[in-house]
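**Q** Let me give you the structure first, and then I'll get to my questions.
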2 protein chains.
Amino acid sequence: MARHRKRTLRATEYIGLRHPFTPQVIFSDDYIARMHDAALDVLEAQGMKFLLPEARRILAAAGARVVDDEMVHIGRDIVGAALASAPRSWRMRAANPDRERDYVSGALIFGPGAGCPNVTDLERGRRPGSLESYLETLALQQSFDVIHMLGPSAEPQDVPTPLRHYAMMQAQITRADKPMFVYARGRAQIEESLHMIRLGLDLDQADWDRGVWAYTVINSNSPRQFDRPMAQGIIDFARAGQVSVITPFCLAGAMAPISVAGALVLQHAEALAGITLAQMTRPGAPVSYGGFASNVDMKSGSPAFGTPEHVKFQIGSGQLARHIGLPWRSASGSAGNAADMQAAQETTMAIWGALMGQATFVIHAAGWLEGGLSFGYEKFLNDVEVLQMVAEMCTPTPATEDDLALDAIAEVAPGGHFFAAAHTMRRYEQAFYPPLLADLTNFGSWSDHGALRSDQRATALWRRILAEFQPPPHGAAAADRLAAFIAARTAAGGAAPQD
Amino acid sequence: MARHRKRTLRATEYIGLRHPFTPQVIFSDDYIARMHDAALDVLEAQGMKFLLPEARRILAAAGARVVDDEMVHIGRDIVGAALASAPRSWRMRAANPDRERDYVSGALIFGPGAGCPNVTDLERGRRPGSLESYLETLALQQSFDVIHMLGPSAEPQDVPTPLRHYAMMQAQITRADKPMFVYARGRAQIEESLHMIRLGLDLDQADWDRGVWAYTVINSNSPRQFDRPMAQGIIDFARAGQVSVITPFCLAGAMAPISVAGALVLQHAEALAGITLAQMTRPGAPVSYGGFASNVDMKSGSPAFGTPEHVKFQIGSGQLARHIGLPWRSASGSAGNAADMQAAQETTMAIWGALMGQATFVIHAAGWLEGGLSFGYEKFLNDVEVLQMVAEMCTPTPATEDDLALDAIAEVAPGGHFFAAAHTMRRYEQAFYPPLLADLTNFGSWSDHGALRSDQRATALWRRILAEFQPPPHGAAAADRLAAFIAARTAAGGAAPQD
């Protein structure tokens, strides 16, 4: 948290993270090549259904064969051309230049739990997402360096859908300073949202063109289908030079084959189809490979996250992304219904899965509960603790002669202690990660302070963060610039989302 | 859990685990060599204090220089000879041959939270360990395949210390069937404990000699000191062909230098000293390298676990262990005071640290709270969930043509589902890890069932496990064989622990 940083002397660098670990593998290179080839076969022989006529026209113009009106058979040569023109990296721009990140393989970027229809906290309970909770969860995101890009944690359901994007964009532009998220809910909303970024941040054309200012997430309707808003989003984001994160949501055993390899073949085919649509719309458009495969619970049919299969999917997705040379998006998450050990374990497991798969962008990294049906305030803060610990692990471990501490070892007698050693005194303020929320005091002291669990302790912290929250300096001027546009568009009834 | 396995059709293999991941590095090979050399310098120039005369005599006979009566300067040639004679692997024997494991680099062996003076559960609260809780926590360990070796989870403090080892060994021999733990609390207790294993399991000399039947954990008194019972334990275990797990407990900033590299140099020097004592006692005696370095919380001075520094120590320890070619022991753990998100996150982080460092034996892998001052029943079960998930990740991911599921992908229409696909029907019973404790149902169903957190759900599970617990088949005969010995020794007043 930026505020915490200023209170201590310890410098932290939680923004420009690079993966610290060697990526792992679950499949041989040969088998990965076989999976890639199988996905190309699926696209060619089985085809992908695009419900949007414009998408079919673009792909047909590129040489794809459209049959039965909506089914598009995409040849491997077209996919190959798309993979050749897809960029390997781009700059994610932000109101605050210090918050900008290169979206590139090897980078480690965290996004918050997103897309949640409900929110929950220990004080107010579980409730539908509202503008109030959207603003609150945005403030929580803005308050931690380790949350690198903004996301729609809570859905502001009390704002009518034709006006909702004005509220969400206004908040992101004026109350935060990180790379922004725009929902792909039709051309009108996308164009207005991107316009608001340019207007609010007062960007000229050159500035706008220098990098990427917004991302959207495109979920295919697995298996083998893109609905109208999703295909429209790919097209419109590509045309505008903004990034689509193509993320098939392949739940093995439900919307995807039950085997790890089979679900990945389907995911890969769908992701390649989305990437191809982006590139055939505008070669060189930024587009991210994405994987969010996990398994369903075979007892209840519910999605599961942070499972062994989820981790395997993450590692396999990383292999496929590296096979095609693109940065990729993964996700953490939890199916748990409360901020308890299950939720913590699932999310932490999935974070490690993303590390093992060397995911570029990890969405749902903090706050996700109920498989995304709820955003938990207390869970968010506990998850941020894990993300900060991961960020600390990204820092190279110093390896000088002074780090060997030979003088200190000689200085302290057997059975003594190092608390007062000169080596300790020189370093103790910088030495270790100071926890955000973890209580490391002993049982007696902890009991004297109310014996609060970590979820209970988090309540006081989010209350304090929200009470002290200050929008970034550029916010007021940006709000002024946006006011007339929002008023006029609102008076005109807004822009309805695409069906 | 063995019982669960029989109830489902899904086969699991949680015993013979091998590490699934490439070990990671935090230091260059050159720097690791420098650290090893620095540790040898410490042993030679600064020396190691051995409070036990017998240890000093053994090391002196091997060529070490003893000064000031208790300080032993160990030359690098002596350490080199010890590392040459230390075995690279040995068989951990058990009453049940299916529970036996090779202790060797690349194997992944889990031990429970151990050495706890207190126990806690949601029904009965926190209380001092007793024989009752020792037996209960032993039954919990015995009930899960993924707990591979027994450990003293709870200290039976209501049994007088001269008799306590009889109770602990009787329970391990008659109520469990896994490799056993013996405390190093003096020669008399060690000899009697090992005698009880041979007697209880009716082992002849040949059987006894074929592998290792018991392990102990040797903690040096960092910095640079071994007390009398610890040195005695190394000597007596080496003589008996049983394994000492040499584990300096180097808390960086307290009993060790504050830098990661410095604490590891001290750890390495102390571990090498213990290994050397074992090998000079009996060349070829099984002895494990060990590392349990973590940091202290600089605010409270308390030990911290599952921190970024802890993970770095684990990775660095693994590098040092591989440098000398020995299998090694790490530890998970948590400083948390309750079975909450903090405790889950810390323990899960440390489990992953052990995976990244490719630790052979991971102690405190389930149930540890308060930095070891308490064993939590509910935490144990939640941690076992993580261990079982790790065990599932150790299983190779199938990679056949049938796993590609091309027929299933062709069979299911766009927007359809795979629930009824032939590929799914053939596989669904085996496909995914069935959770032990995680509740994957939706919020409504979870609420209807009482809205229980995972710690609360665990209460019902441990009650059921304890209610249904059956000692292994060999237990009754073993108890008969032990009865007279225990009665006679008890009548004679037992054997007091060594000061």
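Any read-out appearing in this document is the output of simple, stated calculations on the displayed coordinates, not a laboratory observation. Bear in mind that the values here come from a model prediction, so they are computed numbers and not experimental data. Cβ atoms come from the backbone with ideal geometry, glycine included; neighbour counts cover every protein chain shown.
**Q** Using only Cα atoms, tell me the angle between helix B:377-394 and the longest principal axis of chain B; keep it within 0 to 90° and round to the nearest 10.
**A** Once rounded, the angle reads 80 degrees.
**Q** Mind giving me the FRET efficiency for residue B:10 and residue B:30? R0 is 45 Å, r the Cβ-Cβ distance, nearest 0.05 is fine.
**A** Once rounded, the FRET efficiency stands at 0.45.
**Q** Then there is this: Assigning unit charges at the beta carbon (Lys, Arg +1; Asp, Glu -1) and nothing else, what dipole magnitude in debye, to the nearest 20, does region A:27-73 show about its Cα centre?
**A** Roughly 200 debye, rounded to the nearest 20.
**Q** Now for a separate question. Work out the charge dipole of region A:81-132 with +1 on the Cβ of Lys and Arg and -1 on the Cβ of Asp and Glu about the Cα centre, then indicate which of A:108, A:83, A:118 is farthest towards its positive end.
**A** Among A:108, A:83, A:118, the one farthest towards the positive end of the dipole of region A:81-132 is A:83.
**Q** Grab the other residues whose beta carbon is less than 14 angstrom from that of residue A:196, score K and R as +1, D and E as -1, and report the net.
**A** With Lys, Arg at +1 and Asp, Glu at -1, the neighbours total +1.
**Q** Can you list the residues, at least 5 places off or on another chain, whose amide H is less than 5 Å from the amide H of residue B:48, using H built in the peptide plane?
**A** B:72, B:73, B:74
**Q** Obtain the nm distance between the two label points defined at residue B:476 and residue B:124 by a simple spin-label model: each point lies 7 Å from its Cα along the Cα-to-C-beta direction.
**A** So the label points at residue B:476 and residue B:124 sit 2.6 nm apart.
**Q** Which ordering of B:26, B:15, A:218, A:465 is given by a fewest-first count of other beta-carbon atoms within 10 Å?
**A** Taking fewest neighbouring Cβ atoms as first place, the list is B:15, A:465, B:26, A:218.
**Q** Looking only at other chains, what is the average number of their beta-carbon atoms within 10 angstrom of each beta-carbon in A:381-393?
**A** 4
**Q** Residue B:362's amide H: which non-local residues (gap 5+, or another chain) put their own amide H closer than 5 Å, with H modeled 1.01 Å from N in plane and none for Pro or chain starts?
**A** Those lying under 5 Å, H to H, from residue B:362 are B:109, B:110, B:111, B:330.
**Q** What share of Cα pairs, in percent, lie more than 55 angstrom apart in the protein assembly as shown?
**A** 17 percent
**Q** Moving on. So if I take the centroid of the Cα atoms in region B:279-298 and the same for region A:363-383, what is the distance between those two points in Å?
**A** One Cα centre to the other: 40 Å.
**Q** Take the alpha carbon atoms of region B:150-179, find their center, do the same for region A:78-102, and report the distance between the two centers in whole angstrom.
**A** So the two Cα centres are separated by 61 Å.
**Q** Kindly state, to the nearest 0.05, the FRET efficiency for residue A:18 paired with residue B:203, given R0 = 51 Å and r defined as their beta-carbon distance.
**A** Result of the calculation: an efficiency of 0.40.
**Q** Based on the mean of other beta carbon atoms within 10 Å per residue, what is the order of B:435-442, B:237-244, most packed first?
**A** Going from most to least packed, we get B:237-244, B:435-442.
**Q** Find the relative contact order for chain A and round it to a whole percent, using C-alpha pairs within less than 8 Å whose residues are 6+ positions apart.
**A** 20 percent
**Q** Can I ask one more? If the cut-off is a Cα-Cα distance under 12 Å, which aspartates and glutamates reach residue B:178, setting aside same-chain residues fewer than 8 apart in sequence?
**A** Residue B:178 reaches B:98, B:100, B:145.
**Q** Give me the dipole magnitude in Debye, nearest 20, for chain B about the Cα centre, with unit charges on the beta carbon: positive for Lys and Arg, negative for Asp and Glu.
**A** Dipole about the Cα centre, nearest 20: 760 debye.
**Q** Rank the residues B:455, B:68, A:202 as a footprinting-exposure proxy: fewest other Cβ atoms within 10 Å of their Cβ go first.
**A** B:68, A:202, B:455
**Q** Sticking with this one: Within region B:6-94, report the trypsin sites (Lys or Arg not before Pro) that DSSP leaves as loop and that have at most 12 other Cβ atoms within 10 Å.
**A** Here the trypsin sites (Lys or Arg not before Pro) that fit, given the DSSP loop and packing criteria, are B:88.
**Q** Which whole-number percentage describes the relative contact order of region B:386-460, with Cα contacts under 8 Å and a sequence gap of 6 or more?
**A** Result for region B:386-460 is 21 percent.
**Q** Something else: Under 5 Å between amide H atoms, partner at least 5 residues away or on a different chain: which partners does residue B:219 have, H built in plane at 1.01 Å?
**A** Answer set, sorted by chain and number: B:247.
**Q** Can you give the extra length, in nm with one decimal, that the chain gains between residue B:395 and residue B:420 once fully stretched, where that is 0.36 nm per residue apart less the Cα-Cα distance?
**A** Using 0.36 nm per residue and subtracting the Cα-Cα distance, I get 6.4 nm.
**Q** Here is a follow-up. What number comes out for the charge environment of residue A:402, summing +1 per Lys or Arg and -1 per Asp or Glu over other residues with Cβ under 11 Å away?
**A** That sum, taken over residues with Cβ under 11 Å, equals -1.
**Q** Give me the net charge of residue A:64's neighbourhood, meaning all other residues with Cβ under 13 Å from the Cβ of residue A:64; Lys, Arg count +1, Asp, Glu -1.
**A** +2
**Q** Just name one of A:189, A:167, A:222: the one whose Cα is farthest towards the positive end of the charge dipole of region A:117-232 (beta-carbon charges, Lys/Arg +1, Asp/Glu -1).
**A** A:222
**Q** Cα centroid distance between region B:429-462 and region A:458-484, in Å?
**A** For region B:429-462 versus region A:458-484, the Cα centre distance is 38 Å.
**Q** Please give the average number of partner chain Cβ atoms lying within 10 Å of the Cβ of each residue in A:302-313, rounded to a whole number.
**A** If you average over the peptide's residues, the count of other-chain Cβ atoms is 5.
**Q** 222 nm [θ] for the protein assembly as shown, helices only, -39500 (n - 2.57) per DSSP H run of 4+, per residue, to 500?
**A** Rounded to the nearest 500, it is -14000 deg cm²/dmol.
**Q** Using the Karplus equation 6.51 cos²θ - 1.76 cosθ + 1.60 (θ = phi - 60°), what ³J(HN,Hα) coupling, rounded to whole Hz, does each residue of region B:86-98 give in order, writing x for Gly and Pro?
**A** Values per residue, Gly and Pro as x: 5, x, 8, 7, 7, 8, 8, 7, 7, 4, 9, x, 5 Hz.
**Q** Normalised by the residues of region A:1-145, what does the relative contact order come to in percent, with Cα pairs under 8 Å and at least six apart?
**A** 24 percent
**Q** Which is the longest run of chain A containing none of the GluC sites (Glu not before Pro) found in DSSP loop states (not H, G, I, E, B) with at most 15 other C-beta atoms within 10 Å?
**A** Of all site-free stretches, the longest is A:124-428.
**Q** Taking the Cα centre of chain B as the origin and placing charges on Cβ (Lys, Arg +1; Asp, Glu -1), which of B:438, B:14, B:255 is farthest toward the positive end of the dipole?
**A** Highest projection toward the positive end goes to B:255.
**Q** Other chains near A:439-449: what is the mean number of their Cβ atoms within 10 Å of each residue's Cβ?
**A** Partner-chain Cβ atoms within 10 Å, mean over residues of A:439-449: 6.
**Q** Once Rh is set to the Kirkwood radius over Cα pairs, what Stokes-Einstein translational diffusion coefficient, in µm²/s, holds for chain A at a temperature of 20 °C and a viscosity of 1.002 mPa s?
**A** Stokes-Einstein gives a translational diffusion coefficient of 91 µm²/s.
**Q** Roughly how many debye, to the nearest 20, is the charge dipole of the protein assembly as shown about its Cα centre, given +1 on each Lys and Arg Cβ, -1 on each Asp and Glu Cβ, and no other charges?
**A** 120 debye
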